[in-house]
1. Within segment 101-116, does at least one residue satisfy the condition of being more than 16 Å from E66 (Cα to Cα), outside any loop (DSSP other than H, G, I, E, B) and of a type in the set (K, R)?
2. Scan segment 110-126 for residues that are aliphatic (A, V, I, L, M), modelled with pLDDT of 95 or more and crowded, with 20+ Cβ neighbours inside 10 Å and jot them down.
3. Could you please give the count of residues in segment 45-88 that are more than 15 Å from the chain's Cα centre (by Cα) and part of a loop (DSSP other than H, G, I, E, B)?
4. What's the number of the condition M68 fails, among (1) within 18 Å of P34 (Cα to Cα); (2) surrounded by fewer than 20 Cβ atoms within 10 Å (Cβ to Cβ)?
5. Check off (1) closer than 19 Å to R119 by Cβ; (2) touching a helix residue (DSSP H, G or I) at 6+ places or on another chain (Cβ under 6 Å) for H36 and give me the number that stays unchecked.
6. Can you name the residue in segment 131-140 that is surrounded by fewer than 14 Cβ atoms within 10 Å (Cβ to Cβ) and not small (G, A, S) and, of all such residues, is modelled with the lowest pLDDT?
Amino acid sequence: MQRLALGFTLGFLPAMAGCGPSQESLHELDHVTPAHWPVDMADAASKIQERLAIVRSDPSNEIASEEMRDLVDWVPEIAADTNLSEEQWIPIQALSETLGRHLMSKDIKMSDVEDDFLRLSELLVAANSQLASEGLGKSD
């Protein structure tokens with residue numbers, strides 16, 4: 001009886017090993033694109049302005065504040081994924097870095113640097129427009 005049970009168990013295990021979805025790497029399971037990830041610089045500018053309006057009307061809105069921190073962190077990457085020149089990219093990166101430091105340390109309120117968020121948004125829109133007029137977009 002024990003031999004039969006052991007044979008059944010061992011025969012069943014290989015069949016179970018092939019069950020379930022295949023997984024190429026552990027990273028695939030962890031990589032989820034957030035809903036507020038911008039598709040381009042114009043979208044990033046729009047999302048920054050939207051979050052700024054939300055925080056302006058409700059300073060305690062933690063979701064909008066968190067998303068604003070994310071956006072500010074992502075902006076240099078989004079801009080770097082285009083054909084911007086270094087001269088165009090550096091002001092975007094520098095302003096994002098400064099805002100990011102303030103947001104992470106929470107040493108100032110978002111309302112105190114509202115002009116800087118608007119300036120970042122303007123830089124993104126201007127850079128995006130310039131790329132569009134030159135027929136350039138995302139880098140390959």
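1. Checked against the condition, which is being more than 16 Å from E66 (Cα to Cα), outside any loop (DSSP other than H, G, I, E, B) and of a type in the set (K, R), segment 101-116 yields no hits at all.
2. Result: L120, L123, L124.
3. Here is the first cut: in segment 45-88, the residues more than 15 Å from the chain's Cα centre (by Cα) are 49-50, 52-62, 82-88.
Cutting the leftovers down to part of a loop (DSSP other than H, G, I, E, B) gives us 58-61, 83-85.
The number of residues fulfilling the criteria is 7.
4. (2)
5. Checking H36 against (1) closer than 19 Å to R119 by Cβ; (2) touching a helix residue (DSSP H, G or I) at 6+ places or on another chain (Cβ under 6 Å), the one that fails is (1).
6. Applying the filter and picking the extreme gives D140.
The values are calculated or read from the model by the stated rules, or taken from the named source; none is laboratory data. Treat the numbers as computed from the prediction; the structure is a model and nothing was measured. Backbone-built Cβ (ideal geometry, glycine too); neighbour counts: all protein chains shown.
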